[in-house]
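Notes follow the structure.
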Amino acid sequence: MSLKRIPEICLFTVILCGCAKFVPPTGGDRDITPPKLIESTPADKQVNFQEKRIWLLFDELVDSKNLKQELTITPEQKGRYQVRNKGEEVELEFEKGFEKNTTYTFSFGAGIKDINEQNKADNLKLVFSTGSELDSLKIGGRVTNLFTEERVMGATIGLYKMSSTDTLPLINRRPDYFIKSDSSGNFQLENLKSENYRILSFTDRNGNQKFDNKKEMFGFVRDTIELNSNKAGISLELFPYDTIPPKYKRFIQKEKTYALKFDEPLYKVELEFKNKSDSIPYIMIEDEVKFFKLGTPKDSVIISLMVSDSLLNSDTLQHTITFREESQRSKQSNETLKISVTPANSSSTTNNEPYIFSFNYPLIQIDSSKISVSDDTLNTVKYKTRFIDNSKTKVEVLLLEGITKSIVIKVDKGAFVNILSDSSTAFTLKNSLLNKNELGLIAGNIEVRDNIQVQYIIQLLNATNSEIEKVVISQDGKFTFEDIRPEEYTLRAIVDRNSNGVWDTADFGKGVPPERIINLKEPIRVKANFEFRDINIPNQ
């Protein structure tokens, strides 16, 4: 070989070596064995550890790129840390030292995987103490949903030291110790110091290790736990705990409407006009209150508006309404009035079920001469109409006579006119009738405690836990749901302590728990012409 070729061959070899990448071997059986920790500094369960560096050695090449997202350290270590990965080794370098006389638990989650098949080093944990002994106490229990009694996976369970010098309210702090509930809702916090603690749980949706009021479920143990021995059987029930009232976000100004938007759906609206002569129609739709221009209102309308959410958190807003100036084009436009009806056309209904007509704008006129109701033999059926909301956007049509087979409602053009002078088009509804022998009945009682004066809200729920109907009962404990369609149902009872007709959440600051929920565990399968009369809801 010519000596002149030697430098070229050397250069080619260097390039090949520099571009080389690790490629997993192909062929043979798939590797399903996770990486195994064979050595560490500190060693597992070591005491008197004083360094800022954690070193791990595994039995194969590992990948730790997701370690920061997966690693949990309890109690929380202050300050930042760096992760370095080289071959079989992983190193964590902390900028601050660990607290004195404290037992730390490092839970690595799915943060360590092998290079070849990404097998996770499951249940990898490292425990060490900066003092002369390891803390060894445990607290365990289960997390469930208060309303459904289903076990909650992935809920954060936080343990808070009562000796902490943190001045933040407990509910706004990060826990001293925390863990996630497993797929069965179970949890166990280990290597705990003997101390007095409070226990909170929440669905930490954004991963900030703090409870976020409007977005997350919440639960707590009412009493302080004096931990001087292992504790098991802790029950945590999660429920909505929103104590923040709806917040005004923005307004939407148009020529004929003016809407106020809020950051959550509204439950109730109370409104006062500064001058009663300035009153204009309005409706509440989901997260907004919409006002309508009627006639020629003043340039501005001043209102005081109190809005409440479903947990009755309320706030009052002072606002001035101004409509956009109308253009010539808008003055000439005329829209078709929009209507939705329940029960829907061609669906089945019952003699006791009213028709509800819902409109997108308040009505100013109902012409009953343009609405006719008949049965399957074309005999005219008497009915009555009434508004069922203050905004005049919902009309109930209630039949005054019994029908045996089917119902036909004929609505002629112009039967309904809204505040914009838009009129309804002609349409016809045809519905088959479910007779008594095609329906069922559920009746029973809830066990009443003689020494507690409360009322009960009994909810009839369908298979998706949506409320179909509810009754409010007092001390006799008896309830009845009649003319029920053949379906599968469940029953839920709310112990309505303050008799306000709705479920009330907790007051964590005062140590008041939420109103109790009692679920009937077994579903009720209602069949046609069948009655369940002895349903008992236990109240322990």
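The values are calculated or read from the model by the stated rules, or taken from the named source; none is laboratory data. All figures in this text were calculated on a predicted structure; none of them were measured in a lab. Cβ atoms come from the backbone with ideal geometry, glycine included; neighbour counts cover every protein chain shown.
Could you please give the count of residues in region 350-386 that are more than 30 Å from Lys256 (Cβ to Cβ) and aliphatic (A, V, I, L, M)?
First, pick out the residues of region 350-386 that are more than 30 Å from Lys256 (Cβ to Cβ): 350-354, 372-384.
Filter again for aliphatic (A, V, I, L, M), leaving 373, 378, 381.
Selection size over region 350-386: 3.
Within region 198-217, restricting attention to residues that are in a strand (DSSP E or B) and touching a residue at least 40 places away in the same chain (Cβ under 8 Å), which residue is nearest to Lys138 (Cα to Cα)?
Top of the filtered list is Ile199.
Can you name the number of the only condition in (1) at pLDDT 95 or above; (2) of a type outside the set (Lys, Arg); (3) farther than 30 Å from Asn418 by Cα; (4) surrounded by 17 or more Cβ atoms within 10 Å (Cβ to Cβ) that Phe262 fails?
(3)
What are the pairs with Cβ atoms under 7 angstrom where one residue, in region 95-117, is under 16 Å from Leu134 (Cβ atoms) and the other, located anywhere, is in a loop (DSSP other than H, G, I, E, B) and among the hydroxyl-bearing types (Ser, Thr, Tyr)? Sequence gap at least six, or different chains.
Once the first residue is under 16 Å from Leu134 (Cβ atoms) and sits in region 95-117, its partners that are in a loop (DSSP other than H, G, I, E, B) and among the hydroxyl-bearing types (Ser, Thr, Tyr) give Phe98/Thr130; Glu99/Thr130; Lys100/Thr130; Asn101/Thr130; Thr102/Thr130.
Scan Leu398, Leu429 and give me the residue that is outside the structural domain of Arg497 (by TED's automatic domain parsing), exposed (fewer than 15 other Cβ atoms within 10 Å of the Cβ), in contact (Cβ under 8 Å) with a residue 24 or more places away in the chain and under 37 Å from the mean Cα position of the chain (by Cα).
Answer to the check: Leu398.
Can you name every residue in region 385-418 that is among the charged types (D, E, K, R) and within 15 Å of Thr342 (Cβ to Cβ)?
Going through region 385-418, the residues among the charged types (D, E, K, R) turn out to be 386, 389, 392, 394, 396, 401, 405, 410, 412-413.
Hits for region 385-418 are Asp389, Lys394, Glu396.
Would you confirm, using the coordinates I've provided, whether Gly79 is farther than 28 Å from Pro35 by Cα, modelled with pLDDT of 95 or more and of a type outside the set (Lys, Arg)?
Answer is no for this residue.
Considering only residues of region 218-253 that are in contact with a helix residue (DSSP H, G or I) (Cβ under 9 Å, 6 or more places away or on another chain) and either at pLDDT below 90 or assigned to a loop (DSSP other than H, G, I, E, B) (or both), which is nearest to Ile157 (Cα to Cα)?
Among residues in region 218-253 that are in contact with a helix residue (DSSP H, G or I) (Cβ under 9 Å, 6 or more places away or on another chain) and either at pLDDT below 90 or assigned to a loop (DSSP other than H, G, I, E, B) (or both), the one nearest to Ile157 (Cα to Cα) is Tyr241.
Starting from residues that are surrounded by 14 or more Cβ atoms within 10 Å (Cβ to Cβ), modelled with pLDDT under 90 and not hydrophobic (A, V, I, L, M, F, W, C), keep the ones in region 265-281 and report whichever is farthest from Asn418 (Cα to Cα).
Selected residue: Asp278.
Check Thr148, Thr165 and return the single one that is under 24 Å from Asp212 (Cα atoms), in contact (Cβ under 8 Å) with a residue 60 or more places away in the chain and not acidic (Asp, Glu).
On the way: Thr165 fails: in contact (Cβ under 8 Å) with a residue 60 or more places away in the chain.
One residue alone meets the criteria, Thr148.
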